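Take a look at the structure below.
The values are calculated or read from the model by the stated rules, or taken from the named source; none is laboratory data. Since the model is a prediction, treat every value here as computed from it, not as a measurement. Cβ: placed from backbone, ideal geometry, glycine included. Neighbour counts: every protein chain shown.
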Ligand SMILES: [Zn+2]
């Protein structure tokens with residue numbers, strides 16, 4: 001019997017560095033500006049323009065290297081990688097060929113499996129060609145010259161799920177380290193995949209490259225399709241179907257990959273050292289500065305949240321799902337005594353706001369209220385000044401007004417009702433019309449009581465405390481039982 005098929009997967013992740021300016025000129029590094037407004041003679045490829053290395057890009061590259069445990073090369077250089085395309089007016093991209101910024105390093109998946117990195121190098125981005133405008137292709141060079149790091153993994157990944165986990169972990173680290181926004185919608189994180197299949201104990205199959213995958217879901221779908229395609233091709237036994245070394249594109253609509261071009265080898269690019277850029281030396285000083293700016297990484301934060309703050313693993317994971325959320329969590333903690341409550345409110349109510357378009361906020365950086373306000377709101381709810389539903393209404397209001405939670409509590413009339421005589425009147429009113437449920441409760445079905453709480457809450461305009469209503473209903477039913 002034949003051994004099972006194994007997939008061998010390596011990932012190349014291109015990640016835009018969060019610098020103020022481009023890699024070799026002073027043009028601004030920004031997304032969403034009108035086309036061709038962030039350009040100069042250098043990044044449009046005019047003859048005679050000279051590149052100068054942006055020190056901030058180097059520092060962010062070093063920070064990535066340190067965060068991922070790579071070994072930084074003492075001497076590194078830039079090379080020209082030649083190819084012709086309309087979004088690359090110089091006819092070459094400045095990249096690093098045989099002396100990259102760093103090598104080694106890697107990250108560990110939840111299963112304990114280590115995915116090693118081969119290298120990380122610095123390079124400039126190309127411009128953007130826009131093909132979907134009828135008969136013409138438009139070229140926008142705002143992106144040309146934006147600094148990238150390319151993180152190349154060893155082919156240590158075996159399944160699409162592992163690829164997804166690796167990408168999530170890599171993105172998390174680069175985001176937390178402040179290296180990149182890693183925003184796939186803005187194209188600041190892009191992924192190429194190498195994949196081959198072979199039977200255990202037999203030589204590796206032919207490697208196929210899948211290019212320009214711009215979401216993690218696409219990486220998974222493209223890999224699933226491509227692994228199946230390669231296995232079927234080998235199993236068919238037809239030489240004409242055997243996978244060839246090529247670059248394929250993933251067709252998102254059809255969920256399949258198709259040939260884009262024969263894969264280039266390195267010699268097709270005619271790499272040679274860029275004569276305008278001398279080799280550079282990474283000094284101890286460079287490294288120390290990068291190390292000093294390396295913040296606490298997500299795994300370390302998660303550990304601190306569980307060990308020191310007493311959060312459960314799940315909440316610690318949610319709070320570190322982005323650096324912005326983790327920072328907001330810690331800022332709110334400065335005004336609140338309960339880490340669990342803050343995690344609960346952020347993880348449930350605030351994240352729910354982001355999923356609801358009518359809230360007008362989609363991310364932490366769009367929140368108009370401050371951590372102090374959130375802490376105040378949590379305090380109102382915890383002290384029983386309003387119930388959970390009331391606090392939720394106040395939270396929504398806080399998204400569109402600068403008023404303090406306490407003011408909104410009053411303005412919206414959401415103070416929790418403490419008048420027990422009034423509560424009792426409402427409870428009796430509901431009990432009077434619910435003989436069947438009352439009988440069920442008396443018969444021992446405690447759960448039936450739940451059906452009575454809603455109507456009382458409704459009579460109170462949502463201002464009663466659900467637990468108080470439950471207690472009161474229970475008592476009234478018990479009293480009626482003993483009376484009758
Ligand atoms: Zn420029």
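Some notes on this structure:
- Segment 102-181 holds strands (runs of 3 or more DSSP E) entirely within its bounds, and those carrying 3 or more residues that are assigned by TED's automatic domain parsing to the domain that holds residue 46 and farther than 27 Å from residue 90 by Cα map to 106-108, 114-124.
- Of the residues 51, 34, the single one that is over 26 Å from residue 177 (Cα atoms) and free of Cβ contacts under 8 Å to residues at least 24 places away in the same chain is 34.
- Among the residues of segment 315-330, none is identified as at pLDDT 95 or above and not in a helix (DSSP H, G or I).
- Restricting segment 138-188 to residues that are surrounded by 20 or more Cβ atoms within 10 Å (Cβ to Cβ) and within 16 Å of the ligand (Cβ to nearest atom), the residue that is nearest to the chain's Cα centre (by Cα) is 148.
- The set of residues in segment 298-329 being within 21 Å of residue 182 (Cβ to Cβ) and surrounded by fewer than 18 Cβ atoms within 10 Å (Cβ to Cβ) consists of 299, 300, 317, 321, 324, 327.
- Subset of segment 302-314 (residues that are assigned to a helix (DSSP H, G or I), touching a helix residue (DSSP H, G or I) at 6+ places or on another chain (Cβ under 6 Å) and closer than 20 Å to residue 324 by Cβ): 302, 305
- Members of segment 461-474 found to be in contact with a helix residue (DSSP H, G or I) (Cβ under 9 Å, 6 or more places away or on another chain) and either assigned by TED's automatic domain parsing to the domain that holds residue 391 or at pLDDT 85 or above (or both), listed by number: 469, 470, 472, 473, 474
- Among the residues of segment 12-28, those that are touching a residue at least 12 places away in the same chain (Cβ under 8 Å), within 10 Å of the ligand (Cβ to nearest atom) and out of contact with any helix residue (DSSP H, G or I) (no Cβ under 6 Å at 6 or more places or on another chain) comprise 21, 22, 24, 25, 26, 27.
- Number of the exception - residue 184 against (1) touching a residue at least 60 places away in the same chain (Cβ under 8 Å); (2) touching a helix residue (DSSP H, G or I) at 6+ places or on another chain (Cβ under 9 Å): (1)
- Filtered residues of segment 379-400 (kept if in a helix (DSSP H, G or I), within 27 Å of the chain's Cα centre (by Cα) and touching a residue at least 40 places away in the same chain (Cβ under 8 Å)): 392, 395, 396
- Residue 192, sole failed condition from (1) out of contact with any strand residue (DSSP E or B) (no Cβ under 6 Å at 6 or more places or on another chain); (2) under 21 Å from residue 8 (Cα atoms); (3) in contact (Cβ under 8 Å) with a residue 60 or more places away in the chain: (1)
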